[in-house]
Each structure stands twice: as C-alpha cells, then as structure tokens.
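Have a look at the structure below before the remarks.
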Amino acid sequence: WGTEAPTCISAHPGDPILVAGVDNNIQILQIPMEKKLNKEMPSLKKTFERDVVKTTDYGEIVKGITFCCFGEKLVTVGEDKAITIWEFPSMTKRWRITQHLSEVTQVTAHPNGEPYIVTATRGSECMLWDVETGERVHQLKYEDGTNTKFRFRSIRYSPTGESLYALILPVAWSPSSFSNIVKFDSESWTIQTKTYMRGEPLAELAISGDDSLLATASSNGHIYIYDAGSLSIRRRMFDVHGLFVTGLCFIPENGKSDSFKLLSISADKECKVHNPHLADPIRFLKAVVYLCLLVLSLYIFFSLLQRLDLVPQIDDFEEGSPQDHQEQHHHDHHREL
C-alpha cells in the first residue's frame, strides 16, 4: 500500500469499489474486476496503487469506515471521538456527531438501508445511532457475571440486519484472558450464540454477503474462519501477515453473489486476498486421528471378546453334524491306510 499502512477498509454494497482509511486520508479504490481473484494472491499492493480514484483528507487518523443507506452515504470514525457522515461519491461532508467519551475505533451500518449505525470506542461504549437525526437509540453492554470490564473490539451487522456480531475483549488483557465472539439479536439485543478463543487477542471481524462465513484476525497476523450460524471454527490461516491485521472484508468473486474472497490489510502495509472456502488442514488431521482411534478401539474390543470366548470361533461355523465329522475322520483314516 505504498509507504502508508491502511487502518480500515469497507466494500460498497453494489459497485466494485473499496474505501480505506490510510492514516489521515480516506481513499476510494476501484476493484480491478478484469483481474481474476481465483487464486491465493500474495499481495494486491501494486494492483491497488494505480486504482486509487480519489483521496479525501480526514484530518485525524481514520479508525473505522463503512457505507450506509445502500451506499449513498459513507460513515467514518476516528481519533477525534466523532462520527462523520459523507455524501457518496461526492465526499461532501454532511454532519458530525460528537457525543463519545473516547476515541471511536469501529463502526458498522445497517445493511437494508435503515439509517442506523453502531459504533464502538476504545473505552467500553457500544452505541446504536440514527444517522438521520444524530440521536443515540441504544447502548449495548456485555457482562459475564464477574467484575471484568469489557470493550467492543470489533462489530459487524449481518447481511440481513437481523443480528449484530461483536468481538469483545477484557479491557485489561492477560495471557489467560478470552476473546469472545458474540452474536446479538439486533431487535432485542439478547445473545443468540457465542464462542471464545483463549490467550490470543482477536482484532477484526468480517461477515460474508450470504451470512455463511465469519472471519476474524489476531494481533499475531493469523486469520480464522468460522461458520457464521454456529460460530464453529472452519479454517485457520497462520502467519498471513507479519504484523497485526487492521481490516478484513469479504468481496464477491467475479460478480457472483454466493462466492466470496476474503481481503485483509495489515500494519505491514500489505493487502492480500484469500480463499475462505478451503478446508482446514487441522480439522482434516483431527478427522484422520479420530478414524484411526475408532478402528483401533473396535479391534481391541473384539479381541477382548474373543479372549473371553464371547465371540464364536471360526471352527464353530464348520458345516455338518458331529456324526458326519466322525465318518469323515474314519474315511480319511482308511484312505491313509
């Protein structure tokens, strides 16, 4: 990505356009649709360098960026503790909402054109806003029954808008802490399902357009793919980036609505494309081990039954009555004489 490190990224809901926060600037990029993204590509840095169609000075470090209202508006958040709404693609600044107490790090917009966005801050705030009125509608909280204070590290609406996915971490992180991936009902704000990863601070979230896959990334440059419904792990990709991942985004593959590639950006100034549908080699190895253990268990079980004379021996299945066996024995003996 040149000499600058991208801090956030978002895809337009209808057009082949990406927007990215790069330091103090907002960059609009045209996705090169003539280039096939069927293979794992090491980097798209050189491809995107010449596809920047517009750069807008934000004035502060851009921390979060997303489209809303069917792509007619762009929402950015950053170190200025404010929400800025832009007309797109003119990039005319419409208004700013300045009601947060700390730096705003994340923003996600309702996907069905509803004028709602959810923001998260470096503190423990997570709020639902009406972008038409600028009013706060709801404040989301997470508790685990202890005195632990949590922060919303990343938030994403589902493609239908019926759920909100959140990556929730303790404010005070330790090696024994958990990264919680939580799925909320966006009407009642109750928890639908959740999972966790221990000892590794996760940083970003992305949801595929068909609501089938969830991607998250760690501060170590690893990427994990989950089933969005059950939140069960599907694939692990280790050491994708040399530094922590700053953004994830699913993009349609060659214009298809049910096939996606995963785009990741990092502080290492690299932008990479991945195939999230590949099998997880660790899950495959686990399946092989389980199969071997099953075969071994069955072998031991039947061997034990044989030792205890609970399984008929092969000789027991020989055909004929005892008298037939005796006559056969005499006949064989006579032939030998």
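The values are calculated or read from the model by the stated rules, or taken from the named source; none is laboratory data. It should be emphasised that the depicted structure is a prediction, and the values quoted were computed from it without experimental measurement. As a convention, Cβ positions derive from the backbone with ideal geometry for all residues, glycine included, and neighbour counts pool all protein chains shown. When the accessible area is computed, the model is the full protein with side chains, heavy atoms only, and any ligands, DNA or RNA have been set aside. Shrake-Rupley method; radii C 1.70, N 1.55, O 1.52, S 1.80 Å.
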* Asked: Where in segment 168-234 are there chymotrypsin sites (Phe, Trp or Tyr not before Pro) that are in a DSSP coil and have at most 16 other Cβ atoms within 10 angstrom of their Cβ?
  -> Trp173, Trp189
* Give me the net charge of Arg151's neighbourhood, meaning all other residues with Cβ under 9 Å from the Cβ of Arg151; Lys, Arg count +1, Asp, Glu -1. => +2
* **Amide H contacts of Ser163 (H built 1.01 Å from N, under 5 Å, at least 5 apart or other chain)** => Ser158, Ser186
* In segment 68-154, the trypsin sites (Lys or Arg not before Pro) that fall in loop regions by DSSP, at most 15 other Cβ within 10 Å -> Lys141, Lys149
* To do: For segment 191-257 and segment 125-173, write down the distance between their C-alpha centroids in whole Å.
  => 18
* **Which listed pairs, of Lys63/Lys286; Lys149/Lys183; Lys81/Lys149; Lys149/Lys272; Lys149/Lys286, have C-alpha distances above 27 Å, in listed order** => Lys63/Lys286; Lys149/Lys272; Lys149/Lys286
* Asked: How large, in percent, is the carbon and sulfur part of the accessible surface of segment 180-269 at a probe radius of 1.4 Å?
  -> 45
* To do: Count charges around Gln192 for me, please; just the other residues with Cβ under 13 Å from its Cβ, Lys/Arg as +1, Asp/Glu as -1.
  => -2
* Asked: What accessible area per residue, rounded to a whole number of Å², is obtained for segment 55-173 using a probe radius of 1.4 Å?
  -> 43
